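What follows is a single structure, written as structure tokens, with notes after it.
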Amino acid sequence: MAVERVLSGMRPTGSLHLGHYNGVLKNWIRLQHEHECLFFVADWHALTTHYDSPEIIEESVWEMVIDWLAAGVDPASATIFIQSQVPEHAELHTLLSMVTPLSWLERVPTYKDQQEKLSSKDLSTYGFLGYPLLQSADILIYKATQVPVGEDQIPHIEFTREIARRFNHLYGREPGFEDKAQEAIKKLGKKKSKLYQEMRNAYQESGDEQALESARAMLEEQQNLSLGDTERLLGYLEGGGKIILVEPEYKLAPASKMPGLDGQKMSKSYNNTISLREPAEEVTKKIKTMPTDPARIRRTDPGNPAKCPVWQLHEVYSGNDVQDWVKTGCKAGSIGCIECKQPVIEGVLKELKPMQARAEEYAADPTLVRNIVAEGNEKARKLARETMRDVRDAMGLDYS
Ligand code: TRP
Ligand code: SF4
């Protein structure tokens, strides 16, 4: 099986809520048991939009790491680190900027969208325009193959793929590439080199994607090739040069649109969140005061769950039996809304309770949290350094 490396980052801009938990963290927690995972705090990305309020970032970084740990991100399975503690990201960002056409950045849809949405801020900065390229550096520096993100981030991953392709195209043509590739093919052994040639032809002559996939899989299983030869043969398959930077794929979280207290998507900007460390009384109060189907004025008025944000929470937190009870009771006007909200309150509290207990433990032991991150920074730096060696080499910056 091809080895996957998963990488994702989150900006520290405030406390995490159930939307983050259901939409992102649950997915990370599942992935950490299946693949090598790196998760990082994108503090530089936060500065692109919050450059005028560094205090928010400073406060949020550690709180966010505590929330991750409390939610179940496990430092024994995943590498947890802080972007700015691996300055190689900035170096790669600078080097990539040399080959990034301005027009590619200007047409990333989040650029104009966010400028309009956050119109109270001046986002006509160099840093903000470069946001997607910094993200590309985050991803490419670890040769990540999978990037779990939300839908809004897809253009950034596609942009990253284009940058990797352009970089490989420009710098992957080492002297004598063709000869080196032929040498590497021989190392595959008789049967496999023939197979490789056939699949390469099938792809190059008739665009057979299946053949490309099979050839890639074969190379990735191959034990006796050096990393350099594997990269050469991967590059040679597609006709170009050596693959120095790996094109990542995005991995959409399994559909989980976490509704907020008002039925819109849960988001800090809609002011409809329940935070992971919300005290139980607050949770109860927030759910009890949630709006319901406006047709239900008296308890006996029939309602329609499809018009009620509470129902959306039942879809996340209640089993079939409770859901049936809600549907029947609401439509018949035989249950009250407060009564209906009770199982949601219980469901949310049940989910939060163990998290809050763990958060308290981590919050009480800042040294532990700092050590976890220090160790993650170290591991990340080691990987980043390896890529940077190749990148510098390729760009004529090897002074050893
Ligand atoms: N832009 C991402 C977001 O807002 C955060 C991020 C920064 C990221 N660098 C990344 C996500 C690299 C995935 C990979 O959600
Ligand atoms: Fe909403 Fe439940 Fe009230 Fe129906 S009974 S309107 S689903 S809260």
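The values are calculated or read from the model by the stated rules, or taken from the named source; none is laboratory data. Bear in mind the structure is a predicted one, so any value in this text is a computation, not a measurement. Glycine also receives a Cβ, built like all others from the backbone with ideal geometry; neighbour counts cover every protein chain displayed.
Summary of values
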item	result
Matching residues, region 298-321, being more than 11 Å from ligand 2 (Cβ to nearest atom) and among the aliphatic types (A, V, I, L, M)	316
Among the residues listed as 108, 147, the single one being within 12 Å of ligand 1 (Cβ to nearest atom), aliphatic (A, V, I, L, M) and out of contact with any Ser or Thr (no Cβ under 9 Å at 6 or more places or on another chain)	108
Which listed residue, of 372, 338, is in contact with a strand residue (DSSP E or B) (Cβ under 8 Å, 6 or more places away or on another chain), more than 30 Å from residue 171 (Cβ to Cβ) and hydrophobic (A, V, I, L, M, F, W, C)	372
Residue satisfying all of: in region 195-218; of a type in the set (D, E, K, R) and over 15 Å from residue 182 (Cα atoms); surrounded by the most Cβ atoms within 10 Å (Cβ to Cβ) among these	216
From the options 373, 326, residue that is among the β-branched types (Val, Ile, Thr), at pLDDT 95 or above, closer than 25 Å to residue 280 by Cα and surrounded by 17 or more Cβ atoms within 10 Å (Cβ to Cβ)	326
All positions within region 324-336 that are over 37 Å from the mean Cα position of the chain (by Cα) and closer than 18 Å to residue 259 by Cβ	330
Among the candidates 194, 143, residue that is at pLDDT 95 or above, over 28 Å from residue 391 (Cβ atoms) and of a type outside the set (Val, Ile, Thr)	194
Count - residues of region 13-38 that are near ligand 1 (Cβ under 10 Å from one of its atoms) and in contact with a helix residue (DSSP H, G or I) (Cβ under 6 Å, 6 or more places away or on another chain)	1
Long-range neighbours under 6 Å by Cβ, at least six apart or interchain, first residue farther than 20 Å from residue 260 by Cα within region 344-363, second assigned to a helix (DSSP H, G or I) and of a type in the set (S, T, N, Q)	none
Selection within region 256-274 - assigned to a loop (DSSP other than H, G, I, E, B) and either under 19 Å from the mean Cα position of the chain (by Cα) or aromatic (Phe, Trp, Tyr) (or both)	256, 257, 258, 266, 267
